[in-house]
Amino acid sequence: MKKIWTATSLAFLAATFSSSAMSVEFLPGYWQYQDFLNQHPEQKSLTEKLTTSVQAPPEPMAQLQSKPISISIIYPGHQISDYWVRNVKAFEIRLLELGIEYEINEVFTRPNIDIRQQSLSLMEAIRSESDYLIFTLDSTRHRKFIEHVLNATETKLILQNITTPLKNTHQRNPFLYVGFDHIQGSELLADYYKRTVPKGSDYSVLYFSEGYVSDARGDTFIQAMSKNEEYKLTSSFYTKADRDSGYKAALRGVTQNDNLKFIYACATDVALGASDALKELDKTDIVLNGWGGGSAELEAIQRGDLDVTIMRMNDDTGVAMADAIKWDLEGKSVPLVFSGKFELITKQDDPKKIDRLKARAFRYSDR
């Protein structure tokens, strides 16, 4: 675990965000989701059509396949967050409903740790000439793997958990970027904190591991909270993307500043670790968020261990991947990018509301 900034540099960073927030680019080399759609009307139209398809009942393929398609999935699924497991289940059920014959090989790894296993699994997918490879992008190493797949194979690459297409690429584009827009979700959480926490309050940020997710979720949030210097960022920490490192980071943040009013956590496992620390320190008055709204977070919300989360309509992305593959097999155009929907959930919400959202978000993966 690594502390990112000293108090002096944090103050400088906050001042920079406040004075030139609109010019700060946190994801250099990437399109932001809405900017990409606004700049590419033909893509916006395709994305809207896929969004409609995702919410509609399945329409099976009319023609027969000559052989099953082969799909390789390599996910950082060994987390408390159940996003990845649910995504695969929704994806497979929708494929079956669409009448698509397929063979699938899936490998779950630990985020930011099992790089060797990811590499071996990717090489196996390339050797076996999978028709579709579903992977993610979070680190520089991931970027190198992705470049190799795009440059050296005919495999169609689906990048999961990223909705910001690369700019100025000199290679084939991925088949599809799919996920839930990290920037939109982080800005919705920032809006919640601005509505509920007094201006001038101190806060700490607990990042995911170093990489794309931390940049998109963490830096976006800091920018939003730093406008007009209304809130004071007093500490921030990278974690190892697990519960234990979230616990340790929260302990450090609170012991360094007894006046913290809230902690912004960038991921489920990190948030639950921070909750452990706040209970141990008897600091449960410090407001704490989750990120994603999976089963573990919703249970924590109902216990009062988390105050708020941004809930992904989880199964949207599994359905989107299946529908996009169906369109591809039918010879139709597929959008480059798709983002699912969010809902803000707080511990004050009626359990019946949460149950309704769970039925919508987990409509496939709870079967």
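What to note about this one:
- Answer residue from the range 204-235, given it is in a strand (DSSP E or B) and under 22 Å from the mean Cα position of the chain (by Cα) and is farthest from Pro165 (Cα to Cα) among those: Ser204
- Filter result (touching a residue at least 40 places away in the same chain (Cβ under 8 Å) and either within 19 Å of Leu27 (Cβ to Cβ) or aromatic (Phe, Trp, Tyr) (or both)) within the range 225-240: Ser226, Lys227, Ser236, Phe237, Tyr238
- Of all residues making up the range 165-180, the number that are over 22 Å from Leu122 (Cα atoms) and surrounded by 23 or more Cβ atoms within 10 Å (Cβ to Cβ): 1
- Test: Leu189 is open to solvent by less than 60 Å² (accessible area, probe 1.4 Å), closer than 26 Å to Glu129 by Cα and not in a loop (DSSP other than H, G, I, E, B): no
- Looking only at the range 337-364, residues that are closer than 22 Å to Thr164 by Cβ and either of a type in the set (Phe, Trp, Tyr) or buried (at least 18 other Cβ atoms within 10 Å of the Cβ) (or both) come to 6 in all.
- Flag for Leu120 being modelled with pLDDT under 90, within 15 Å of Ile73 (Cβ to Cβ) and either among the charged types (D, E, K, R) or open to solvent by 70 Å² or more (accessible area, probe 1.4 Å) (or both): yes
- Consider the range 124-149 and keep the residues that are at pLDDT below 80 and of a type in the set (A, V, I, L, M). The one that is most open to solvent (accessible area, probe 1.4 Å) is Ile126.
- Tally, over the range 237-268, of residues that are buried (at least 24 other Cβ atoms within 10 Å of the Cβ) and either at pLDDT below 95 or in a loop (DSSP other than H, G, I, E, B) (or both): 4
- A single member of Leu272, Leu288 is outside any helix (DSSP H, G or I), surrounded by 18 or more Cβ atoms within 10 Å (Cβ to Cβ), among the aliphatic types (A, V, I, L, M) and at pLDDT 95 or above, and it is Leu288.
- Within the range 1-54, considering residues that are of a type in the set (D, E, K, R), at pLDDT below 75 and not in a loop (DSSP other than H, G, I, E, B), the one most open to solvent (accessible area, probe 1.4 Å): Lys2
- Residue match in the range 298-306 (condition: out of contact with any strand residue (DSSP E or B) (no Cβ under 6 Å at 6 or more places or on another chain), within 30 Å of Glu97 (Cα to Cα), free of Cβ contacts under 8 Å to residues at least 12 places away in the same chain and surrounded by fewer than 24 Cβ atoms within 10 Å (Cβ to Cβ)): no
The values are calculated or read from the model by the stated rules, or taken from the named source; none is laboratory data. Model, not experiment: these values are computed from the prediction. Because the Cβ atoms are built from the backbone with ideal geometry, glycine has one as well, and the counts that use them run over all protein chains shown. Accessible surface is based on the protein model in full, side chains and every heavy atom, while ligands, DNA and RNA are left aside. Shrake-Rupley method; radii C 1.70, N 1.55, O 1.52, S 1.80 Å.
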